[in-house]
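Structure first, then comments.
The values are calculated or read from the model by the stated rules, or taken from the named source; none is laboratory data. Only a predicted model underlies this, so the values are computations on that prediction, with no experimental measurement involved. Every residue, glycine among them, receives a Cβ derived from its backbone with ideal geometry; neighbour counts consider all protein chains shown.
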Amino acid sequence: MAVKEVFVRGYGVIDEARQLSMERPDWQDIRSRLNRQIPGTLAHCFGCHEPVFLRAGKPNSSMRPHFSHFKDGGIGCPWGQDTTRPLDRIRAGIFTGNQESELHRHMCERALELIEADARYVAGSGAVDSYMKSKDGYRGRWPDASFDIDGLGKFAIEVQFAPSLAPEVIGRSDFYAKEGVNLIWLLPWYSFEQVQRAYASDIAQEARGNFFVLDQEAERESRVRGTLVIWAAWIGERSFERKLVSLDDLTYPKGGHPFFVDAVTPAIFRTAERRRQQISLDLLETKDDIVPKRKVIFDLDEQPDEEGSRLIRSAISIWSAAKGEYINYSGHSDKLTGQIDAYLNSNDGRRRAVIINQMLVSTQARPCIKRSVWEKIERADLHDQLDDSDRWVAYVHSLFPEVFRVDLRSEALVAGSLPTWAIPAG
Ligand SMILES: [Zn+2]
């Protein structure tokens, strides 16, 4: 049975209703972060307080993505234990597959042969199935193929025809990233539905939602251009897209792997924008309601949560000001600076000065705030601040990934894909 309510750091409480409305980019983002165990990204079940992981859904089936206890976990949980297969058995099932097939080896040799035609190929650097040592003495890896290109650096190619476990995907990806090796993951062709299969989606996530294919057409184009040409494919806003690209067409992010189009960041920003539009309407409609009339923010016992509500109303107001269309979602001051001043004067506001500060300095809302209010923020007791282990602080983080997701924000700023409101003013 699926875990009904979980807390995910950086996302907040994800209850059944939110699970139902959550979209694919967010599921995949949470899944990859949990599998990577990014410090601070942890999830636990509200029934038994044990850690959970995210099981991918199955396309074309009724199984949606859902949270699950680990093996032997969830004893005494009101939502029941899980019947996950032991990892070893899954692993055995996968690796007796066609990993070492003829086709697999053929693909690696073909990729090498094509890249060797490039004048920048470093003679003698190409290898198939050759051990790559770790610089720091960690366990090394066996990339399917590897080579060096003058000016572009070291490359590893992994050819993946059979499903792979998410921790394996993450493990390989992180190894190459740590070694400063560009990883290109070649998959067979998938349709739009198939790429939503767990492992293809996990792999694509490591290249910002891109997966790469070397087929006969790409091979022909490689021979014409005298370098390795592969298909980059990704799920766009509306359709499945693909383009023939060379290694020079790719973007090489610091600490990550090359991609052609960043299909992950914009998708996460888009889903957050849809959530913000909805919640800002709800907040406006319920602005002057008093308990026990309808409220939109509830705690776990289904009681109206006043502190959570004030925080979210303040954050949404800052966002509206950053867009140049200020609306006061909590009080009646007609200036943002007055609204934030009042908030910081309250006991709960004082404990959230850091998150308010981050919303202000990271956006166009900054000039809206008067000096006296900045001084108030500076005087806030840093030892008494709530962090993202608080459900509503985490919720605000997930509502504004453009501000709080440092991993996405800095790249988006460089790529020019950060929305104007989230660009720091002045
Ligand atoms: Zn549980």
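Condition check: outside the structural domain of Tyr11 (by TED's automatic domain parsing) and over 11 Å from Thr265 (Cβ atoms). Does Asp407 satisfy that? Quick ask: steps written out before the conclusion?
Values: outside the structural domain of Tyr11 (by TED's automatic domain parsing): yes; over 11 Å from Thr265 (Cβ atoms): no.
So Asp407 does not fit the description; no.
The residues in segment 37-55 that are outside any strand (DSSP E or B) and either near the ligand (Cβ under 9 Å from one of its atoms) or modelled with pLDDT of 85 or more (or both) can be counted, and the count is 5. Any residue in segment 148-166 that is free of Cβ contacts under 8 Å to residues at least 40 places away in the same chain and farther than 16 Å from His257 by Cα sitting within a Cβ distance under 8 Å of a residue that is of a type in the set (Phe, Trp, Tyr) and part of a strand (DSSP E or B)? List the pairs, counting only those 6 or more apart or interchain. From segment 148-166, the pairs are Asp150/Tyr121.
Going through (1) farther than 22 Å from Ile355 by Cα; (2) modelled with pLDDT under 85 one by one, Pro304 falls short only on (1).
Tell me whether segment 267-286 contains one or more residues that are part of a helix (DSSP H, G or I), polar (S, T, N, Q), in the same structural domain as Ala315 (by TED's automatic domain parsing) and loosely packed, with under 13 Cβ neighbours inside 10 Å.
Initially, segment 267-286 is screened for residues part of a helix (DSSP H, G or I), giving 267-285.
Adding the requirement that they be polar (S, T, N, Q) leaves 271, 277-278, 280.
With the extra rule that they be in the same structural domain as Ala315 (by TED's automatic domain parsing), the set shrinks to 271, 277-278, 280.
Add one more test, that the residue is loosely packed, with under 13 Cβ neighbours inside 10 Å, and what stays is 277-278.
Yes - at least one qualifying residue is present in segment 267-286.
Entry remark, segment 129-164: residues being closer than 21 Å to Ser101 by Cβ, hydrophobic (A, V, I, L, M, F, W, C) and surrounded by fewer than 18 Cβ atoms within 10 Å (Cβ to Cβ) number 3 in total.
Looking across segment 371-390, just one residue is touching a residue at least 60 places away in the same chain (Cβ under 8 Å) and surrounded by fewer than 19 Cβ atoms within 10 Å (Cβ to Cβ), and that is Ser389. Here Phe7 passes the criteria (1) at pLDDT 85 or above; (2) on the phi > 0 side of the Ramachandran plot except the one numbered (2).
Would you confirm whether any residue within segment 174-184 is out of contact with any Ser or Thr (no Cβ under 8 Å at 6 or more places or on another chain), without any contact (Cβ under 8 Å) to a residue 60 or more places away in the chain and crowded, with 17+ Cβ neighbours inside 10 Å? No: zero hits.
Name the one entry in Ser130, Ser134, Ser125, Ser146 that is part of a loop (DSSP other than H, G, I, E, B), at pLDDT 95 or above and of a type outside the set (A, V, I, L, M). Before you say what the answer is, go through the steps one by one.
Numbers: Ser130 fails: at pLDDT 95 or above; Ser134 fails: at pLDDT 95 or above; Ser146 fails: part of a loop (DSSP other than H, G, I, E, B).
After ruling out the rest, the residue left standing is Ser125.
For segment 193-203, the criterion of being out of contact with any helix residue (DSSP H, G or I) (no Cβ under 9 Å at 6 or more places or on another chain) and surrounded by 15 or more Cβ atoms within 10 Å (Cβ to Cβ) is met by at least one residue. Can you find a residue that is more than 16 Å from the ligand (Cβ to nearest atom) and either of a type in the set (Asp, Glu) or at pLDDT 70 or above (or both) anywhere in segment 75-92? Yes, segment 75-92 contains at least one residue that is more than 16 Å from the ligand (Cβ to nearest atom) and either of a type in the set (Asp, Glu) or at pLDDT 70 or above (or both). Look at Asp249 and say whether it is over 20 Å from the mean Cα position of the chain (by Cα), farther than 30 Å from Ile297 by Cβ and without any contact (Cβ under 8 Å) to a residue 60 or more places away in the chain. The answer is yes for Asp249.
This table checks each residue for (1) farther than 13 Å from Trp319 by Cα; (2) part of a helix (DSSP H, G or I).
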residue: Asp348; (1), (2): yes, yes
residue: Val354; (1), (2): yes, yes
residue: Met359; (1), (2): no, yes
residue: Gln364; (1), (2): no, no
residue: Ser372; (1), (2): yes, yes
residue: Glu375; (1), (2): yes, yes
residue: Glu378; (1), (2): yes, yes
residue: His383; (1), (2): yes, yes
residue: Leu386; (1), (2): yes, no
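When segment 392-408 is examined, which residues are found to be charged (D, E, K, R), crowded, with 19+ Cβ neighbours inside 10 Å and out of contact with any Pro (no Cβ under 7 Å at 6 or more places or on another chain)? Matches in segment 392-408: Arg405 only. Within segment 181-205, if we keep just the residues that are part of a loop (DSSP other than H, G, I, E, B) and at pLDDT below 95, the residue that is farthest from Asp148 (Cα to Cα) turns out to be Glu193.
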